[in-house]
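The values are calculated or read from the model by the stated rules, or taken from the named source; none is laboratory data. On a predicted model such as this, the values are computed, not experimentally measured, just so you know. Reconstructed Cβ throughout: ideal geometry from the backbone, glycine too, with neighbour counts over all protein chains shown. For accessibility, only protein heavy atoms count, side chains too; no ligands or nucleic acids. Shrake-Rupley method; radii C 1.70, N 1.55, O 1.52, S 1.80 Å.
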Amino acid sequence: RVVRLEQNRKAARESRRRKKVMIEELQRSVIFFSRANSTLKQQNDELSRILMRCQAQVAQIENGDKHPPPAVAEPVEKPQAPPAVTVVQVQNPGQQAQAQAVATQAMYESQGFPPAAARAAAQTMNA
């Protein structure tokens, strides 16, 4: 009976530790996906503005206006230099999918995202 109680205490302690770790990883994932969502929304807004501008120019050209308005120069974000890439050829499709997932995870981690969130994103992207 005493041994069983001690085993139960130990199991409960381990369960609480695992739950704490899981919650911390979920919190990091929420931060990661919030940042990713914000970035995607900004990109979507920018692309929507560009699309509307292009549609207006096409409409003017189709209506016979020979002088479309000059394009307004907008500040453009400098793209970040991509990390150095090592090319590895993989023959097996299963290995290729795994290599792609590892590469995607490494890309997210290089951008400062927590490993658990990078892993989740890689799995989502390569599913």
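At-a-glance table
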{"quantity": "Qualifying residue in the range 6-19 (condition: open to solvent by 70 Å² or more (accessible area, probe 1.4 Å), among the hydrophobic types (A, V, I, L, M, F, W, C) and without any contact (Cβ under 8 Å) to a residue 24 or more places away in the chain)", "calculated": "no"}
{"quantity": "Close pairs (6 angstrom Cβ cut-off, 6 or more residues apart or separate chains): farther than 15 Å from GLN111 by Cβ in the range 20-33, in a helix (DSSP H, G or I) anywhere", "calculated": "GLU25/ALA116"}
{"quantity": "Residue match in the range 28-38 (condition: within 21 Å of GLY112 (Cβ to Cβ), modelled with pLDDT of 90 or more and open to solvent by 100 Å² or more (accessible area, probe 1.4 Å))", "calculated": "yes"}
{"quantity": "Residue list for the range 34-48, restricted to those being touching a residue at least 24 places away in the same chain (Cβ under 8 Å) and of a type in the set (Gly, Ala, Ser)", "calculated": "ALA36"}
{"quantity": "All positions within the range 106-120 that are under 10 Å from the mean Cα position of the chain (by Cα), farther than 19 Å from VAL21 by Cβ and in a helix (DSSP H, G or I)", "calculated": "MET107, TYR108"}
